[in-house]
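First comes the structure, then the notes that go with it.
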Amino acid sequence: MRAFWCGQYGTDAKKWPPGLEDIVDRLPIWPQIYYAIRAGDLFTAVKITDRARVLDEFSKLLREYIDNRG
C-alpha cells in the first residue's frame, strides 16, 4: 500500500487529493483502510482504525462486522 500510494501521490501531503488530512504511519487513513478491506485483510483494517483515534465508532462497527459475518 505504501509503495503504491507514494508512487501515485508522493510523500508530500500537500499534493494528495483533498479530504485526506487524517494520517497514520505517514499515510492517509482512508486509503489504507480501503485497500486493506479490498484485499480481504480485515484485521489490518481494524489495526489502522485503532491507531487512528479519530475513528472509534468506525472501529467498533468494523469489529462488529468481523464478529458477525458468519
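One table, with the values for the structure above:
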| read-out | value |
| --- | --- |
| Pick from segment 23-70, criterion open to solvent by 70 Å² or more (accessible area, probe 1.4 Å) and aromatic (Phe, Trp, Tyr), ranking: farthest from ARG2 (Cα to Cα) | TYR65 |
| Residue tally, condition among the basic types (Lys, Arg) and part of a loop (DSSP other than H, G, I, E, B), over segment 25-43 | 1 |
| Of all residues making up segment 1-22, the number that are in contact with a Leu (Cβ under 7 Å, 6 or more places away or on another chain) and open to solvent by less than 80 Å² (accessible area, probe 1.4 Å) | 1 |
| Residue, modelled with the highest pLDDT, within segment 1-48, restricted to residues that are over 18 Å from SER59 (Cβ atoms) and among the hydroxyl-bearing types (Ser, Thr, Tyr) | TYR9 |
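For every residue, the table says whether it meets (1) free of Cβ contacts under 8 Å to residues at least 24 places away in the same chain; (2) in contact with a Pro (Cβ under 9 Å, 6 or more places away or on another chain); (3) basic (Lys, Arg).
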position: TRP5; (1), (2), (3): no, yes, no
position: GLN8; (1), (2), (3): yes, no, no
position: PRO18; (1), (2), (3): yes, no, no
position: ILE23; (1), (2), (3): yes, no, no
position: ILE29; (1), (2), (3): no, no, no
position: ARG38; (1), (2), (3): yes, no, yes
position: VAL46; (1), (2), (3): yes, no, no
position: VAL54; (1), (2), (3): no, no, no
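The values are calculated or read from the model by the stated rules, or taken from the named source; none is laboratory data. Note that the structure is a prediction, hence the values are computed from the model and not measured. Glycine gets a Cβ as well: all are built from the backbone with ideal geometry, and neighbour counts include every protein chain shown. For accessibility, only protein heavy atoms count, side chains too; no ligands or nucleic acids. Shrake-Rupley method; radii C 1.70, N 1.55, O 1.52, S 1.80 Å.
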